[in-house]
Amino acid sequence: MIKLIESKNDITASEDNPFGCKIRSVAEAYGIEEAFAQFWVQDGGSSLAKLDDTAVLEDRESDWDELAGFLRMLDVKTVSCSEKAAGCLGFPVSSRGEIMLLRGTADKNHSSEAERNPGPREIYALLCAARSDTFVPPEFEPFYMDLSYRTRHGAAMSIGIRSGGVLVACALCSSMTERAAVLSAVAVLPQFRHKGFGRSAVTALTGLLNRERIFLLRADGANEEFYRSMGFVPSGRWAEIHF
């Protein structure tokens, strides 16, 4: 049985994986009383959160047929989950990759040039300029509203690096809990790549976050050595389902 969660105390999602961290972060940022942010738990422990038209699933001992039917009724566009869960649900996967984990903080001596929480519009312009085969920027309005709200309420953090006054690199974390965080984007203007700006942004952000676990969801074939060189290690597989 899948039950609607009506109290934060009933959220059982774990901070030990990126999906549970995302679910808890949504609850901390928006609470559980908003119609656009809802949470459920299935007998067996699997947790599900819906924010507008996106969903996050943390799977445990799951009734996959029940979950698949429930997701069809939710009217969401995307579901983020483990690759195992996506396979068990039986829906087509639109993207997948490796979960990477940084335990503790690799480098607290971040660049003095790092700018904390540059404007969301400027960040979005940089994300669009960094578009690639493995990275497609989100739609502007939900991105802007969510990042602005979470940043104002201490539930998100971003770092920007400038060169000549221009924002050339950024690193974003939009899911944070007491012990864990998930990096949601790292971007560098194409003409400024391979000059250390991306590394500066990531090390500054992870240093400021200072969490026990910092996750990122890396697309297959994208930047593996870059993240490994900063201390991130493989920690499972993720997938995204598009309806």
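Taking 0.36 nm per residue of separation and subtracting the Cα-Cα distance, full extension of the segment from Asp10 to Arg96 would add 28.0 nm. Please check which bits of the stretch 124-167 a label hung off Asn117 would reach, taking the label as a point 7 Å along Cα-to-C-beta and the cut-off as backbone N under 17 Å. Only 124, 144-161 pass the distance filter.
For the stretch 14-20, 3J(HN,Hα) computed residue by residue from phi via the Karplus equation (6.51, -1.76, 1.60; θ = phi - 60°) reads 8, 7, 8, 9, x, 6, x Hz, glycine and proline entered as x. Taken as Cα centroids, the stretch 84-100 and the stretch 1-74 sit 17 Å apart, rounded to the nearest whole angstrom.
Straight-line cross-link partners of Lys22 among the lysines, defined as a Cα under 20 Å from its Cα and at least 8 positions apart when in the same chain: Lys3, Lys8, Lys50, Lys77, Lys84. Over the chain, Cα pairs under 8 Å with separation of 6+ residues give a relative contact order of 26 percent. Taken along its principal axes, the alpha carbon cloud of the chain reaches lengths of 56, 34, 32 Å, longest axis first. Gyration tensor analysis over the Cα atoms of the stretch 105-211 returns equivalent ellipsoid semi-axes of 19, 18, 12 Å (largest first, whole Å). Sorted from longest to shortest, the spans of the Cα atoms of the stretch 2-97 along the three principal axes equal 31, 25, 24 Å.
Any read-out appearing in this document is the output of simple, stated calculations on the displayed coordinates, not a laboratory observation. Everything quoted here is computed from the prediction, not taken from an experiment. Every residue, glycine as well, gets a Cβ built from its backbone with ideal geometry; the counts of neighbours run over all protein chains shown.
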